[in-house]
Amino acid sequence: MSGSNDDGNSKCDTARMAVDERTLYLVGMDNATRFVVSVRVAKKSKMLRNMIADVGLDELAADEISLRTSYVDLVRTIEYMTAHVDDTDDPVVGGWTPSDRRAYVPCAADAAFLARHASGNDSASAAVVIELMHAANYLDVPGLVNLAAHAIAGMISNRTPAQLRALFGLPHDMTAKEMAALEDQYPWLREPASVTPPVPQS
């Protein structure tokens with residue numbers, strides 16, 4: 001009996017591997033280039049994983065999948081998913097305590113990924129990380145969401161409001177009178193960037 005079960009499990013495993021090695025065609029919204037991606041890699045995106053479950057692999061594999069993300073960000077996201085294709089579990093996103101966030105350290109591969117695509121601490125690198133965050137959220141790639149959030153947090157740390165506006169290209173839409181009133185309410189806004197804002201008490 002056990003021999004029969006083992007043989008059955010082996011056949012199931014073989015069938016699963018065959019399915020996972022099939023390919024899908026992914027296309028970004030601003031370029032006609034088709035990316036050929038294995039089902040194993042595609043499933044690192046929860047959105048694509050759900051599409052496979054809901055629509056069916058045969059139908060999806062027969063045509064290209066148009067995605068609402070740029071060509072460049074799709075390239076980067078596929079690179080990340082490919083590097084993590086053998087990860088067994090999806091990282092948890094959200095619900096982190098402050099200590100969880102402080103304890104998060106990207107693995108060596110993820111640190112190298114960031115270094116390749118957003119190595120600076122300037123507006124160009126900030127734009128890359130923001131767009132990467134949008135792509136990761138859209139495709140629902142939990143590990144990449146965490147990595148991009150970590151990178152953004154590092155860029156925000158110890159910067160004044162004026163520096164943050166310059167970094168992220170944000171307009172200053174408050175009048176001098178409104179800004180003075182806000183600084184009266186929150187005096188730490190006038191302090192140097194090295195001063196940490198007070199933590200709200202629950």
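Per-structure values
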quantity: Matching residues in the range 63-79 - criterion: being open to solvent by less than 40 Å² (accessible area, probe 1.4 Å) and within 13 Å of residue 48 (Cβ to Cβ); calculated: 65, 67, 69, 74, 77, 78
quantity: Every residue from the range 107-118 that is under 14 Å from the mean Cα position of the chain (by Cα) and either at pLDDT below 85 or of a type in the set (A, V, I, L, M, F, W, C) (or both); calculated: 111, 113, 114, 118
quantity: Residues that are open to solvent by 60 Å² or more (accessible area, probe 1.4 Å) and in a helix (DSSP H, G or I), drawn from the range 29-62; calculated: 40, 46, 49, 50, 53, 54, 55, 58, 59
quantity: Filter pass, residue 70 being small (Gly, Ala, Ser), closer than 18 Å to residue 145 by Cα and modelled with pLDDT of 90 or more; calculated: yes
quantity: Residue list for the range 34-67, restricted to those being modelled with pLDDT of 90 or more and acidic (Asp, Glu); calculated: 54
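Results for (1) under 21 Å from residue 40 (Cα atoms); (2) at pLDDT below 90; (3) assigned to a helix (DSSP H, G or I), shown as yes or no for each residue.
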| site | (1), (2), (3) |
| --- | --- |
| 78 | yes, no, yes |
| 92 | yes, yes, no |
| 96 | no, yes, no |
| 120 | no, yes, no |
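Quick grid of which residues meet (1) free of Cβ contacts under 8 Å to residues at least 24 places away in the same chain; (2) out of contact with any His (no Cβ under 8 Å at 6 or more places or on another chain); (3) open to solvent by 70 Å² or more (accessible area, probe 1.4 Å):
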{"position": "134", "(1), (2), (3)": "no, yes, yes"}
{"position": "137", "(1), (2), (3)": "yes, yes, yes"}
{"position": "144", "(1), (2), (3)": "no, yes, no"}
{"position": "150", "(1), (2), (3)": "no, yes, no"}
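The values are calculated or read from the model by the stated rules, or taken from the named source; none is laboratory data. Since the structure is predicted, the reported quantities are computational estimates derived from the model, not experimental observations. Note that each Cβ is placed from the backbone with ideal geometry, even for glycine, and that neighbours are counted across all protein chains shown. Ligands, DNA and RNA are stripped out before the accessible areas are found, and what is left, the full protein with its side chains, is counted by its heavy atoms. Shrake-Rupley method; radii C 1.70, N 1.55, O 1.52, S 1.80 Å.
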